[in-house]
Structure formats: structure tokens, C-alpha cells
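Worksheet: one structure, shown below.
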Amino acid sequence: MSVRDREATAARLLRSSLDHSYEPAIDIDWDAPLAEDLWGIPQHRSSLYGTALWHDLTEEQRRTLTIHEVCAVARMGLWFEIILMQMLLRYAYDRDPRRPHIQYALTEIADECRHSIMFAKMTERYGVPDSAPRVRTHQLGRLFKTIGAGPAMFAGALIVEEILDQLQRESMRDETVQPLTRMVNQIHVTEEARHVRYAREELIRIMPKINRRQRAAARWSAARVAYVVARDLVHADVYASVGIDPAVGREAALANPHWQGTLRWSARKLVPFLREQGIIGGPAEILWQKAHLV
Ligand SMILES: [Fe+2]
Ligand SMILES: [Fe+2]
């Protein structure tokens, strides 16, 4: 990947934001009826797909589960967007706001703010309960959003953005998927492509300048984020929507080779890039393995 000058990249991203941005409150028809025979996500991306539990569900229950799953993944995205907004605000607080690079950071915060509302409204529209992160994840996020900076901030953003991008990009093109999901995904994929470019280039600029100790710290915090995101990508409560005990459903999903394959597939562009940058490697890689991302 070629890296431009920091300000030149930001100027280009700012122009693109003007040309291709959405206002979900207006651009999505929130009152459109939901389709009865369509899915929340492509069915082969369900966390239970291929398991005995999946086999025992009716077609309608399977569709219901995927509606809850798309909302759960969006909720994980929303959780991280709030963390990222806070990290980017602290980033901008310390820097010259006349620079395009900082104006783009502020633009990204505005994007994430609209995305979080969009994900919340989608969940509301589908009539799905809020699947807030587990207490430990919630508190880990509180720590990360308070102190996350530098390579850990940009790597963390990339982990969540690129995993969601893979899932959403496939789903937005799938005609078995609800139009609401597809439109939400199209908006998110379009705007996140710029965030990915911003974070990737910044990581390429930062990594050669940090010392060994800083790199080790960045590896551990990125691995921790990756582990939490992969393990909690689908909240256990989704299984209750089809009468499966949440603990039983979660255990089946984590042991499901098909779901493990989906996780690896979702990280297929992320992992080689982070490895090249030295963010994946060393003892922290064990967490990536346990998360089925490598
Ligand atoms: Fe977003
Ligand atoms: Fe983003």
C-alpha cells in the first residue's frame, strides 16, 4: 500500500466525504415494511449455521435468529464507535485544527455519530432488544476509550472496521437479506472505506517510529481488542430469541467450525496488513489464534 503525505491523504478524504456521505435519518426509509421471507444476514454467516441446534430450528426461527444477529453485530460496532469517537476527540484536542488531518478526524467522529444512531434505529425497527456488551467488555472499553492512543488506537479501529466491512460488504449484495440491513450496510461500507484508509496510512507512518517496548504494548492491546470483538461479536442473548439457552447457544457458536471459518474469513484482509506492520506477532499472537482470527 502506498502512503501519501498525511495532509494530502486527509484533503482527499475530506473531498470524498463531501461527495459520498449519507444522512441515515433521511436516506433510509424507516417506515418501509419489513420483508417476511428475507434474512437479517446471509444464513451461512449465522453463528449457529451447520450445528445441531441450527438443524433443529424451523426456517422461520432461523430467519429470526439472523435478524437478532445483525443487530448484535451492529451493537458491537456501536460500542466500538463510541470508544473511537472519544479517542479521536482526545487526538484532535492536542493538535492544530487547521490541518486537514485533524479536520478529517473530526469528520470521522461525525460519521461514527451518525452510524451509531443508524445502528440503534435499525435495532429498534427490527424490534430487537438492546444487546449491550457484557460487564467485563463494557469496563474494558471504558479503559480503552480513556487511555487508548497512537498505534493501539489506529489498530483497534482497523480491527473493528475491517471485520465489520467484510461481513457487511457481502451482506449488502445478497438478495436473500432484508433491504433494511442492505441499506444500512451500504451506508456503513461506503463511509468506513475512508476510515480504513485513514487508519491504515497512519499506522504505516507511526510503526517505524516506535520503540520495542511501545510495539509490544501495541501488540497486546490490539490482540486484546481483537479477542474481545471476535468472542463477543454475537451476543449470547440472541439465542434466546429462538428458545435456545444463551449459554448453550454461545458455547455451540464458539465451537462451530463454520463460525470459526467466518471469523477467519472476516479478518482475511486485516491480518496480513497488521502482520506486515508488526502489530501481529510475538507472544500476543496466541489471543488472535484463540479468537479464530488467524
Ligand atoms: Fe462506523
Ligand atoms: Fe469507522
Exercise. So Y198 fits all but one of (1) in contact (Cβ under 8 Å) with a residue 40 or more places away in the chain; (2) within 16 Å of ligand 1 (Cβ to nearest atom); (3) closer than 25 Å to R231 by Cβ; what number is the exception?
Worked result: (3)
For this session: Give the residue, chosen from Y239, Y198, that is of a type outside the set (S, T, N, Q) and under 23 Å from T51 (Cα atoms).
Result: Y239
Exercise. Under the condition of being small (G, A, S) and open to solvent by 10 Å² or more (accessible area, probe 1.4 Å), which residue from segment 218-244 is farthest from H101 (Cα to Cα)?
Worked result: G243
For this session: Give the residue, chosen from E191, E251, E276, that is closer than 19 Å to F80 by Cα and either more than 16 Å from ligand 1 (Cβ to nearest atom) or open to solvent by less than 10 Å² (accessible area, probe 1.4 Å) (or both).
Result: E191
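A quick yes/no check of all residues on (1) modelled with pLDDT of 95 or more; (2) open to solvent by 40 Å² or more (accessible area, probe 1.4 Å):
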residue	(1), (2)
I117	yes, yes
G141	no, no
A155	yes, no
I163	yes, no
Exercise. For residues in segment 160-184 being without any contact (Cβ under 8 Å) to a residue 60 or more places away in the chain and more than 11 Å from ligand 1 (Cβ to nearest atom), which is nearest to the chain's Cα centre (by Cα)?
Worked result: R169
Problem set entry | Test result for E170, outside any helix (DSSP H, G or I), open to solvent by 10 Å² or more (accessible area, probe 1.4 Å) and more than 24 Å from E23 (Cβ to Cβ) | no
Seminar exercise, completed: When (1) more than 19 Å from W288 (Cα to Cα); (2) away from ligand 2 (no atom under 14 Å from the Cβ); (3) small (G, A, S) are applied to A218, the one that fails is (1)
Problem set entry | Members of segment 15-36 found to be assigned to a helix (DSSP H, G or I) and either more than 24 Å from R205 (Cβ to Cβ) or open to solvent by less than 40 Å² (accessible area, probe 1.4 Å) (or both), listed by number | S16, S17, L18, D19, P24, A25, I26, D27
Exercise. What do you reckon, is E191 under 14 Å from the mean Cα position of the chain (by Cα), in a helix (DSSP H, G or I), at pLDDT 95 or above and under 21 Å from H20 (Cβ atoms)?
Worked result: yes
For this session: Could you list all residues from segment 143-184 that are within 16 Å of ligand 2 (Cβ to nearest atom) and of a type in the set (V, I, T)?
Result: I159, V160, I163, V184
For this session: Search segment 111-123 for residues that are over 13 Å from M76 (Cβ atoms) and in contact (Cβ under 8 Å) with a residue 12 or more places away in the chain and pair each with any residue that is of a type outside the set (A, V, I, L, M) and within 12 Å of ligand 1 (Cβ to nearest atom) when their beta-carbon atoms are under 6 Å apart and the residues are at least 6 apart or on different chains.
Result: D111/E191; E112/E81; R114/P24; M118/P24
Problem set entry | Selection from segment 63-108 of residues that are open to solvent by less than 10 Å² (accessible area, probe 1.4 Å), within 12 Å of ligand 2 (Cβ to nearest atom) and either under 18 Å from L180 (Cα atoms) or basic (K, R) (or both) | G77
For this session: Would you check which residues across segment 106-130 are away from ligand 1 (no atom under 14 Å from the Cβ) and either over 15 Å from N185 (Cβ atoms) or touching a Gly at 6+ places or on another chain (Cβ under 7 Å) (or both) and list them?
Result: L106, E124, G127, V128, P129, D130
For this session: Report yes if some residue within segment 204-217 is assigned to a helix (DSSP H, G or I) and buried (at least 21 other Cβ atoms within 10 Å of the Cβ); otherwise report no.
Result: no
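The values are calculated or read from the model by the stated rules, or taken from the named source; none is laboratory data. Computed from a predicted structure; not experimentally measured. So basically every Cβ, Gly included, is an ideal-geometry build from the backbone, and we count neighbours across all protein chains shown. Note: areas computed on protein heavy atoms with side chains; ligands, DNA, RNA excluded. Shrake-Rupley method; radii C 1.70, N 1.55, O 1.52, S 1.80 Å.
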